[in-house]
Protein chains: 4
Amino acid sequence: MNNSFGTLFRATTFGESHGPALGVIVDGVPSGIPVDEAFIQKELDRRRPGQSAVSTARKESDRCEILSGVFEGVSTGTPIAILLRNGDQHSSDYANIAELFRPGHADYTYLKKYGIRDYRGGGRSSGRETAARVAAGAVAKLFLRESGISVRACASQIGKVKANPPFRWEEVEKNIVRSGDPAAAEKMILAVREAAGNKDSIGGIVSGEILGLPPGLGEPVFDKFDALLAHAFLSIGGVKGVEVGDGFAVAEKRGSENNDEMDPSGFLSNHAGGILGGISNGNTVTFRLAVKPTPSIASPQKTVNLRGEETVLEIVGRHDPCLVPRIVPVAEAMAALVVADLLLRNRAARVQD
Amino acid sequence: MNNSFGTLFRATTFGESHGPALGVIVDGVPSGIPVDEAFIQKELDRRRPGQSAVSTARKESDRCEILSGVFEGVSTGTPIAILLRNGDQHSSDYANIAELFRPGHADYTYLKKYGIRDYRGGGRSSGRETAARVAAGAVAKLFLRESGISVRACASQIGKVKANPPFRWEEVEKNIVRSGDPAAAEKMILAVREAAGNKDSIGGIVSGEILGLPPGLGEPVFDKFDALLAHAFLSIGGVKGVEVGDGFAVAEKRGSENNDEMDPSGFLSNHAGGILGGISNGNTVTFRLAVKPTPSIASPQKTVNLRGEETVLEIVGRHDPCLVPRIVPVAEAMAALVVADLLLRNRAARVQD
Amino acid sequence: MNNSFGTLFRATTFGESHGPALGVIVDGVPSGIPVDEAFIQKELDRRRPGQSAVSTARKESDRCEILSGVFEGVSTGTPIAILLRNGDQHSSDYANIAELFRPGHADYTYLKKYGIRDYRGGGRSSGRETAARVAAGAVAKLFLRESGISVRACASQIGKVKANPPFRWEEVEKNIVRSGDPAAAEKMILAVREAAGNKDSIGGIVSGEILGLPPGLGEPVFDKFDALLAHAFLSIGGVKGVEVGDGFAVAEKRGSENNDEMDPSGFLSNHAGGILGGISNGNTVTFRLAVKPTPSIASPQKTVNLRGEETVLEIVGRHDPCLVPRIVPVAEAMAALVVADLLLRNRAARVQD
Amino acid sequence: MNNSFGTLFRATTFGESHGPALGVIVDGVPSGIPVDEAFIQKELDRRRPGQSAVSTARKESDRCEILSGVFEGVSTGTPIAILLRNGDQHSSDYANIAELFRPGHADYTYLKKYGIRDYRGGGRSSGRETAARVAAGAVAKLFLRESGISVRACASQIGKVKANPPFRWEEVEKNIVRSGDPAAAEKMILAVREAAGNKDSIGGIVSGEILGLPPGLGEPVFDKFDALLAHAFLSIGGVKGVEVGDGFAVAEKRGSENNDEMDPSGFLSNHAGGILGGISNGNTVTFRLAVKPTPSIASPQKTVNLRGEETVLEIVGRHDPCLVPRIVPVAEAMAALVVADLLLRNRAARVQD
């Protein structure tokens, strides 16, 4: 354990990549929210493999089924369970990795922790696990919509190719790398293809923002808004860093440059990324995630087998050469879960009138 | 709420900077650990203001008193409460800020969240709150010591001055910026003084590592080791970004460069920073935190008062021109709390023989 | 929320009586436990409706499907999800109750809390919800078996008919009321039939015990063993009281009668019910639950409809005239969940050698 | 661990009976509540030893000090810490029990669990621990007062002497056993004295109720209102049973007798004790607690020492011959904590308008 995320609005996920199914229980969803199954499915389709020329050729339908918590199209306040059956998996693809540790994967650490591992497709450590997060995040988005809050993300860098801000959000779903900059998108696609052509993979950065936030979200002192976002993002496999607001750029800045001054119209800048002292200040929350290159590559790599003997591995399965485009909806989902939880928790902050 | 951190090894803190006292209850400390009060005091002294020429001139003794949970020098398994009385505070320093919002501070957001704020020195949002974390972290370090695990951190960058790795850890406490590179330390001190001389402040980066870890720590999927570290670090006021292992550098890397290959002797590199799939792999865990420049500066800044009217603020109190040296022990404390908790949680991972 | 129970060994349930399915995610199950699906099914069959002449005539197959967390018959340490599809329900039976509040049911309170309710069969407040608990409890029992711990319960009273201790545990599953006293069983069955014949229902008491416990389970001060048992049992619909050890009988006792003296062979009595200061003392833990008469009865009852108008209700569906026999396995399941969790939590109590 | 109680409104306590201090952090108190320190002190005085002829002769001032979370007399939303220094304790009274296990006490189980125990006065297992609960409960009561909710309890039985309902609540604090029936109070006092005169002790029952509740409090399915009350009450040392509403009396009842019918004026009876399906229905919540006779008695009792050798113990310290009068305010405090938490949690139940 722990396969739960959130305090009041809480997602609990289960499922291995090659078991019968994945799924999630979303507990704490307030009653009275229209739950649009088609929207949940659409979000899942954004994460689905096989969706484009730069993603894995694996086909997974990821058809969602709502099992509980919704009555006549509306949330009842009881837990919403969503089931995602696994399709016909190629377990045989993984027979050869049952006996060794794939570099960059969790094979070694799961075995060390549990003394046993489901080696088929990485089992619970598979990226497929994020499908359940996207389903939960879709429910969170439906809840946030009631309060006028939305989350969006895009690929802002792949390899050395950077998207030029300000991002053109309406273009993100129109290019297969989900770039916020259509001009950069072309180069990003080339970079991914070039890496794949070399039996390799490539990393990148996801940038995102949360819009429509009221001031006051975030629980001092340990459950600061940014602390929960960081927790959420680094819980996604392959993410190695996170920034809020100006992030690592603050290291070289002066206080006079970094402070966001105010006048009667509000804040005059947003270096803080919408969060002060761990609490939203009403500005847009901005964040960035560093995504590592896919560890599954076709090039030969040194590793050891279960008996500790040296061996060489060439991974021949179907894998995304770059994780960034498919992590975009996962990052949005995790951010939505954080905000939904904080919105509920904030209701307890004051004596009510 | 939430002023608790951790699941089994849990710290709950309280206290405002100008109230009677701060403190912490550390719950879940296993019985049988020698609790060395002098060690806790030494850790607090590392965080204490007024300790050097680059820190604030405020004097706080931060004398700790253990109130419970220790009997004849050994932990009993019951909660360890530690009290830190506040000394003679200059509340009058803050009279002028009662009526306005300091740029870069949590004044605005606390008021929006709670409808009331303790404006004396930032109240609960003061950096002084971290003293309780350091006390709790010291208890965690004493526990980790029993398992041969240790945590260390240093200033790796201040402004544009970077410490050159590998860090010389034995030098860290010998220079007043806690640099891991004695040569860089001199330039860092100059950079801090230069900023202060200009009525300004400066940011930086803290780097750290966790040594002696067994493989297996970290709870998939949401409480991954790195996710909890990120949560811990971004819960420290002024931290705007976090990296584990190669961090944001992974964006430009290929899988063949980033994967840590293995041979019978173990991992051949440590790009992952000691964590795979959210679980420690037995290597050193490495991390970095981006620290913003101190928001309290003596230069004039635009802001608004409680009535929304424009005003200009020059902060004349005693403030650190750079937070980095004093955040070093706080980062260590938070990392120690994360590891202590995961160590206990990991005991539940397997059927015991 | 909250649909989760437990800290480390945690069950999260979902499902309405007339929705597509019920189920549970059991998180925190240690790896390496043989997970016998047939055993889980057998436990579910003990709770299943339609199993005997004194239970409801409704037929539900309650066929369980394990969706995750088990690989080659053994737990992997990842969450075990269990699905129970709902069969062909008679939703039409409930059309007439959509507009009114059944006395003794949660119809009124769910509507007041959530502003909406799934009125089909009580929705989430249905006794059917306990099927997911029994499935989770079965997993807990499999885990406890590895440590030699077992839980058993029986009907000790139905109406005015009391079972005579000591209970004959091997007889419990041989009579349809699950009495611990075969002689009393006959009279209990008559009492149930007599109540049903009068279009009425009848209450009773479940008694149980936990065997094979090591000393040391229970977390002071709020999560005492007995406090968690009481929480667990009163979370079962229809339970109105709980006793541990001598229970309410202690009110009339002297300290000299109630204290369990010791000699070198151990405790000389067990008035405490195996728990001292909230921690198991190595003796058998004993408990009792008071179960109210089934609220659904065929006799006419005064109530109001959604518009607040007076009406009379005669419930004509298929209902158990006495809940006791079917609550027996539910009580066992909840006790098993408590013990499994405490067993894992106790591993964190001491520095390990 | 666990020394915390509650989800949003959470009390975390610490302290041993003969250590430097006890105390509590109350986290999650909404901002804007007048915090009346004199009221907290008054509640503590109700629990204080040495208050009457039927309580222990020990003198403890139990003077409370608020350390944080209150600014200008009002809660700020940050954690409220309350400190209770221990006075001059007679540790020497306990020298003789360091080497043996007192019957009915937690000496044996603490040692088995932790391998070490603070034997002075029972350490953490001392009844003195409840002082911190009363302080926290007083804060909860101040919060509930804002919503018109109150809690009250009294002694309803001591030994075989029963108070006759309806209780005369205005009389409770006027007699030293806190009986709800002044006539019974005299006999109760005699019963306590008679037990004490025989070097013995006596048990009893505390009855209580919660007034002014809105419908809707309680979180299905595991954190039902009654389940949390049961958890709360059985976490008090010496409590062996709990009832809500008609409690164990339901065992002998028919559904037609036990169901609370409704008419347009509301519920026509309150057998349910104000809770249906785990959710408050707007009626008064009623509860009862069984309190065991004080385990510390002056009569000789068989026990064993740390080496497992048989010995005889006569406890000569200053102990209450009956715990009931002093548990009354503790039970109220725990109930108030439950209600405060549920009130906050309920704010998350619905989409807000």
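The values are calculated or read from the model by the stated rules, or taken from the named source; none is laboratory data. Bear in mind that the values here come from a model prediction, so they are computed numbers and not experimental data. FYI the Cβ positions are ideal-geometry reconstructions off the backbone, even for glycines, and counts take in every protein chain you see. Remember, those area values only see protein heavy atoms, side chains included, never the ligands or the DNA or RNA. Shrake-Rupley method; radii C 1.70, N 1.55, O 1.52, S 1.80 Å.
The table for this structure:
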quantity	calculated
Test: residue D:227 is touching a helix residue (DSSP H, G or I) at 6+ places or on another chain (Cβ under 9 Å), within 8 Å of another protein chain (Cβ to nearest Cβ) and either assigned to a helix (DSSP H, G or I) or of a type in the set (Val, Ile, Thr) (or both)	yes
Near pairs, Cβ below 7 angstrom, 6+ apart or cross-chain, from the stretch D:272-296 (farther than 21 Å from residue D:223 by Cβ and among the hydrophobic types (A, V, I, L, M, F, W, C)) to any residue that is open to solvent by 10 Å² or more (accessible area, probe 1.4 Å) and modelled with pLDDT of 95 or more	D:290/C:248; D:290/D:240; D:291/D:238; D:291/D:323; D:291/D:327
Residue B:285 open to solvent by less than 10 Å² (accessible area, probe 1.4 Å), more than 7 Å from every other protein chain (Cβ to nearest Cβ) and among the β-branched types (Val, Ile, Thr)	yes
Residue in the stretch A:91-102 that is touching a Pro at 6+ places or on another chain (Cβ under 6 Å), among the basic types (Lys, Arg) and within 14 Å of chain B (Cβ to nearest Cβ) present	no
Residue B:99 at pLDDT 95 or above and charged (D, E, K, R)	no
Test result for residue A:327, closer than 26 Å to residue B:267 by Cα and either in a loop (DSSP other than H, G, I, E, B) or of a type in the set (A, V, I, L, M) (or both)	no
Selected residue (criterion: surrounded by the most Cβ atoms within 10 Å (Cβ to Cβ)) from residues of the stretch B:61-75 that are touching a helix residue (DSSP H, G or I) at 6+ places or on another chain (Cβ under 9 Å) and of a type in the set (A, V, I, L, M)	B:70
Unique match (being outside any strand (DSSP E or B), in contact with a Pro (Cβ under 9 Å, 6 or more places away or on another chain), β-branched (Val, Ile, Thr) and surrounded by fewer than 24 Cβ atoms within 10 Å (Cβ to Cβ)) among A:78, A:56	A:56
Any hit, the stretch B:233-241, residues being more than 7 Å from chain A (Cβ to nearest Cβ) and part of a helix (DSSP H, G or I)	yes
Selection status of residue D:17, buried (at least 22 other Cβ atoms within 10 Å of the Cβ), part of a loop (DSSP other than H, G, I, E, B) and not aliphatic (A, V, I, L, M)	yes
Given (1) surrounded by fewer than 22 Cβ atoms within 10 Å (Cβ to Cβ); (2) farther than 30 Å from residue B:275 by Cα, index of the condition residue A:112 fails	(2)
Hey, residue A:128 part of a helix (DSSP H, G or I) and closer than 30 Å to residue A:81 by Cβ or not	yes
Where a residue in the stretch C:70-84 is facing chain A (nearest Cβ under 7 Å) and in contact (Cβ under 8 Å) with a residue 24 or more places away in the chain and its partner, wherever it lies, is assigned to a loop (DSSP other than H, G, I, E, B) and among the acidic types (Asp, Glu), with Cβ under 7 Å and at least six apart	C:76/A:118
Filter pass, residue C:345 being of a type in the set (D, E, K, R) and either assigned to a loop (DSSP other than H, G, I, E, B) or touching a strand residue (DSSP E or B) at 6+ places or on another chain (Cβ under 7 Å) (or both)	yes
Failed condition for residue B:244, given (1) crowded, with 24+ Cβ neighbours inside 10 Å; (2) more than 7 Å from every other protein chain (Cβ to nearest Cβ)	(2)
Pick from the stretch D:249-265, criterion part of a helix (DSSP H, G or I) and more than 7 Å from chain C (Cβ to nearest Cβ), ranking: nearest to residue C:187 (Cα to Cα)	D:249
Flag for residue A:341 being in contact with a Ser or Thr (Cβ under 9 Å, 6 or more places away or on another chain), acidic (Asp, Glu), more than 10 Å from chain B (Cβ to nearest Cβ) and open to solvent by less than 30 Å² (accessible area, probe 1.4 Å)	yes
Enumeration of residues in the stretch A:158-184 that are more than 14 Å from chain B (Cβ to nearest Cβ) and in contact (Cβ under 8 Å) with a residue 60 or more places away in the chain	A:172, A:173, A:176, A:178
Qualifying residue in the stretch D:35-53 (condition: open to solvent by 20 Å² or more (accessible area, probe 1.4 Å), outside any loop (DSSP other than H, G, I, E, B) and basic (Lys, Arg))	yes
Single residue of D:200, D:118 found to be touching a residue at least 60 places away in the same chain (Cβ under 8 Å), more than 22 Å from the chain's Cα centre (by Cα), open to solvent by 10 Å² or more (accessible area, probe 1.4 Å) and more than 10 Å from chain C (Cβ to nearest Cβ)	D:118
Residue in the stretch A:305-324 that is nearest to the other protein chains (Cβ to nearest Cβ), counting only those that are open to solvent by 10 Å² or more (accessible area, probe 1.4 Å) and not in a loop (DSSP other than H, G, I, E, B)	A:310
Residues being among the β-branched types (Val, Ile, Thr) and open to solvent by 40 Å² or more (accessible area, probe 1.4 Å) - total across the stretch B:121-150	0
Filtered residues of the stretch A:295-338 (kept if among the aliphatic types (A, V, I, L, M) and over 14 Å from the mean Cα position of the chain (by Cα))	A:297, A:298, A:304, A:306, A:312, A:313, A:315, A:316
Test set (1) surrounded by fewer than 24 Cβ atoms within 10 Å (Cβ to Cβ); (2) more than 7 Å from chain B (Cβ to nearest Cβ) - residue A:216 fails condition number	(2)
Hey, residue C:138 more than 9 Å from chain D (Cβ to nearest Cβ) and part of a strand (DSSP E or B) or not	no
